[in-house]
Amino acid sequence: MLDILKIKDDFPILKTSPHGKKLIYFDNAATTQKPTQVVEAVADYYKKYNANVYRSPHYLSTLSTESYEEAREAVKRFINAKTSESIVFTRNATESINFIAYTWGLKHIGEGDVIVLTIAEHHSNILPWQMVAEKKGAKLKYVHLDEDSRLDLDEFKRTISEGHVKLVAVQHASNVLGIINPVDEIIDLSHRNGAKVLIDGAQSIPNMKIDVEKLGCDFYAFSGHKMLGPMGIGVLYIKEDLLDDVPPFLSGGEMIDEVFEDHSTFAPSPLKFEAGTPNVEGAYGLIKAIEYIEGIGLDNILKHEQELTEYALSKLVEIDYVKLYGPKNAENRTGIISFNVLNVHPHDVATILDQDGIAVRSGHHCCQPLMRYLGVPATVRASFYIYNDKSEVDAFVDGLKDVRKWFR
Amino acid sequence: MSDLNQLYSEIIMEHYENSPNRRELENPTIKERGHNPLCGDDITLELKMNGDVIEDASFVGHGCAISQASTSMMCDLIKGKNKKEALKLVEKFIDMIHKKDVDLDELGDAQVLQGVSDFPARVKCALLAWKTLEKII
Ligand SMILES: Cc1ncc(COP(=O)(O)O)c(C=O)c1O
């Protein structure tokens, strides 16, 4: 059991009152709120350590560089990477995926090659591969879902065995359905068929212990802001043996070894992947986010999310005008529930809940292919995190009953 | 709750749920799709022109109550107007939604959408039809 009251106390924003109501923040899949520890770390960085990294020999620059490299070490430990050379800082998961598409992808994927995705991917893990496919004459293949709205592993097996697969790019967990994909098996099958694997960890990093060594994936992408960290800091993990196969993404300052008038040589990894002045305060804040999450324990976080999901599902199935999407139970699933209120557009549902101080998202959640596959233009999404509790779920369910009052 | 009363007033719900303008025209002179990619409101506006005059207007599509009611109200309002008059109404409506001081009377039922100006996240929904019309006449 998490000590929710104590956790809540660490999040100043949860004490604000939208429309005069107590804030119930159920939009955690979009971004989580930040604990004081993270907020203060970012301020601390600017109060005590700020200088440009790597460049200058003075006292502050050393502190700044140390802060930044400490963050890299923290991330390395957090996801159990073998070496910190594998940890590249980006702005977010989207940039991390684009990074691999524009570098490794354009270099190694060619005509007739196949890129395998799932139908539930976020646009950020679709569009970069459409770009590669179009530029290189490669083909995209999508794996769909089974009756319980989970990834159809048999279809995946068939697809991978059809051959020519160069890359499998899948989400670890879905931002719409909450399903957790069997990435162990996917990575194993992909490797046995000669394909590399990129995991979009945007929705798994906040609530699952990630061990990239054990997973064996080639690339892992995530955002700091979905795991209590600041916005504008993200991570790309590149497996050690691939570091030389991945060309630099952006070029310029900081990433070089030597520059001549007509050519240059690059710094070793990870610096060759990080051109220009980086987001040091974001990286420094991320350290505190990691500490906070580890203090609670990832197993406890997932368990808490699943308890709330199960509780909410048990209430929602009772309401005959609520249509749920996704698996019937909370097993093997993160704290995300997508649904619709019959005959009410999701946007209207969200506005009405908002008047009660309840923040949910409505729309296609950057997953239009999935929406089309589910046969709906949009859904409402409630997503839970460590500071949410059952009384909030009750208020949310009551709020949904109010929604019907406005629509006959 | 009083804010929601404004947003989901009787008259808005009536246009949303039972709009006579939700239909396809037989031989529309102009047909134009408008959509809000972020929230998924998606309408197709159909106009039957007689010279410079909008003889008939209708729409099909789906979306939230605000976008659909707003479209229906606009169709009511522009029937029988010439292009210049219609454009003036569009301008008026957009001004109203942006909280500018305008004489609301001319906007007919659509003036009840004034309340949307207090819901910044819904402004786009209310404007969809009007921006679409602005593009084609
Ligand atoms: C599954 C998934 N992938 C990728 C992203 C993109 O994350 P970001 O916007 O932080 O780059 C998100 C977040 O919206 C997501 O949920």
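The values are calculated or read from the model by the stated rules, or taken from the named source; none is laboratory data. No experiment lies behind these values; they were computed from the predicted model shown. All Cβ positions, glycine included, derive from the backbone under ideal geometry; neighbour counts span all protein chains shown. Side chains included, ligands, DNA and RNA excluded: accessible areas come from the protein's heavy atoms. Shrake-Rupley method; radii C 1.70, N 1.55, O 1.52, S 1.80 Å.
Values as computed for the structure displayed
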item	result
Cα-based convex hull volume of the range A:74-208 per residue, rounded to whole Å³	110 Å³
Semi-axis lengths, Å, the range A:1-144, gyration tensor of Cα atoms, sqrt of 5 times eigenvalues	36, 27, 14
Whole-Hz ³J(HN,Hα) from phi, Karplus 6.51 cos²θ - 1.76 cosθ + 1.60, for the range A:67-80, glycine and proline x	4, 5, 6, 5, 5, 4, 5, 4, 5, 4, 5, 4, 9, 6
Projected area averaged over orientations for the protein assembly as shown, convex hull of C-alpha atoms, nm²	29.4 nm²
Tilt relative to chain B, helix B:123-136 - C-alpha long axis, 0 to 90 degrees, to 10	20 degrees
In degrees, nearest ten, helix A:298-316 long axis to first principal axis of chain A (Cα)	30 degrees
Mean shadow area of the range A:250-325, taken as a quarter of the surface of its Cα convex hull (nm²)	9.6 nm²
Cα centroid separation - the range B:111-137 against the range A:110-187, whole Å	39 Å
Qualifying GluC sites (Glu not before Pro) in the range A:90-158, DSSP loop, other Cβ atoms within 10 Å at most 14	A:E111, A:E147
A:M1, B:M96, ranked by accessible area, largest first (probe 1.4 Å)	A:M1, B:M96
Contact order relative to length of chain A, as percent, for alpha carbon pairs under 8 angstrom and 6 or more apart	23 percent
Rounded if a/c under 1.5, otherwise prolate or oblate - the range A:312-408, Cα gyration tensor axes	rounded
Size of the B/A contact, given as accessible area buried on both chains, probe 1.4 Å, in Å²	1700 Å²
Restraint check, A:K166/A:K288; A:K82/A:K328; A:K6/A:K303; A:K76/A:K107, Cα-Cα greater than 29 Å	A:K166/A:K288; A:K82/A:K328
Kirkwood Rh in Å, taken over all unlike Cα pairs in the range A:1-42	11.4 Å
Charge dipole magnitude, Cβ of K and R +1, D and E -1 - the range A:179-300, Cα centre, debye nearest 20	520 debye
More than 20 Å apart - percent of Cα-Cα pairs taken over the range A:192-281	48 percent
Within the range A:151-236, percent of DSSP bridges classed antiparallel, to nearest 5	35 percent
Per-residue HN-Hα couplings for the range A:266-283 [Karplus 6.51, -1.76, 1.60; θ = phi - 60°; Hz; x = Gly/Pro]	9, 5, x, 5, x, 5, 5, 9, 10, 7, x, 5, x, 8, 5, 5, x, 4
Relative contact order for the range A:1-159, counting Cα pairs under 8 Å that sit 6 or more residues apart, in percent	12 percent
Charge dipole of the protein assembly as shown about the Cα centre (unit charges at C-beta), most positive-ward option of A:L23, B:L7, A:S174	B:L7
Cut-off 13 Å between beta-carbons: net charge of the residues surrounding A:E213, Lys and Arg +1, Asp and Glu -1	+1
Solvent-accessible surface (1.4 angstrom probe) belonging to A:V376, in square angstrom, nearest 10	20 Å²
Within the protein assembly as shown: Cβ-based charge dipole about Cα centre, in debye rounded to nearest 20 (Lys, Arg +1; Asp, Glu -1)	400 debye
Diffusion coefficient, µm² s⁻¹, Stokes-Einstein with Kirkwood Rh over alpha-carbon pairs of chain B at 20 °C and 1.002 mPa s	146 µm²/s
Mean ellipticity per residue at 222 nm, deg cm²/dmol - from DSSP H runs of n ≥ 4 across chain A, formula -39500 (n - 2.57)	-11000 deg cm²/dmol
Translational D in µm²/s for the range B:1-70 (Stokes-Einstein at 20 °C, 1.002 mPa s, Kirkwood Rh from C-alpha pairs)	162 µm²/s
